[in-house]
Amino acid sequence: QVQLVDSGGGLVQAGGSLRLSCAASGGTFSGYIMGWFRQAPGKEREFVARVSGSGGLTSYADSVKGRFTISRDNAKNTVYLQMSSLKPEDTAVYYCAAGKTFTSRAGAYGSWGQGTQVTVSS
């Protein structure tokens, strides 16, 4: 089972940018689908983006399409989420996840990072 460590969150003004990172260890990184999810206070965890093992296939939630970009560096065992044009409604704890199926369902991902807080002020 791969272990994941999220980082890169912080406080940013609306319209700003942040890049989240997720470092993986303990598994064959390129063999995993990687996803980013987020959970705002009082809300369920929701899908944000996912990327295939090779990095050649990506998918995004409609709410972030055109603003967020997921990418991975298999040589560094790291997946990234570049977030631009941030909005207050993007405020949440962001989690990276690893799985074997290219899906937006959180339950299909078996390994999770600890989460990193992103706060967007208006």
Residue under evaluation residue 64, criteria (1) without any contact (Cβ under 8 Å) to a residue 60 or more places away in the chain; (2) open to solvent by 50 Å² or more (accessible area, probe 1.4 Å); (3) not in a strand (DSSP E or B), criterion not met: (2)
Within the range 67-95, considering residues that are hydrophobic (A, V, I, L, M, F, W, C) and touching a strand residue (DSSP E or B) at 6+ places or on another chain (Cβ under 8 Å), the one surrounded by the most Cβ atoms within 10 Å (Cβ to Cβ): 79
Qualifying residue in the range 36-50 (condition: surrounded by fewer than 18 Cβ atoms within 10 Å (Cβ to Cβ), touching a Gly at 6+ places or on another chain (Cβ under 9 Å), among the small types (Gly, Ala, Ser) and free of Cβ contacts under 8 Å to residues at least 24 places away in the same chain): no
Qualifying residue in the range 102-116 (condition: of a type in the set (S, T, N, Q), open to solvent by less than 40 Å² (accessible area, probe 1.4 Å) and within 16 Å of residue 4 (Cα to Cα)): yes
Residues of the range 1-51 classified as in a strand (DSSP E or B), under 16 Å from residue 67 (Cβ atoms) and more than 14 Å from the chain's Cα centre (by Cα), total: 2
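The values are calculated or read from the model by the stated rules, or taken from the named source; none is laboratory data. Every value quoted in this text rests on a predicted model; they were computed, and no experiment measured them. Using ideal geometry, Cβ is built from the backbone for each residue, glycine included, and neighbour counts are taken over all protein chains shown. What goes into the accessible areas is simple: the full protein's heavy atoms, side chains included, and nothing from ligands, DNA or RNA. Shrake-Rupley method; radii C 1.70, N 1.55, O 1.52, S 1.80 Å.
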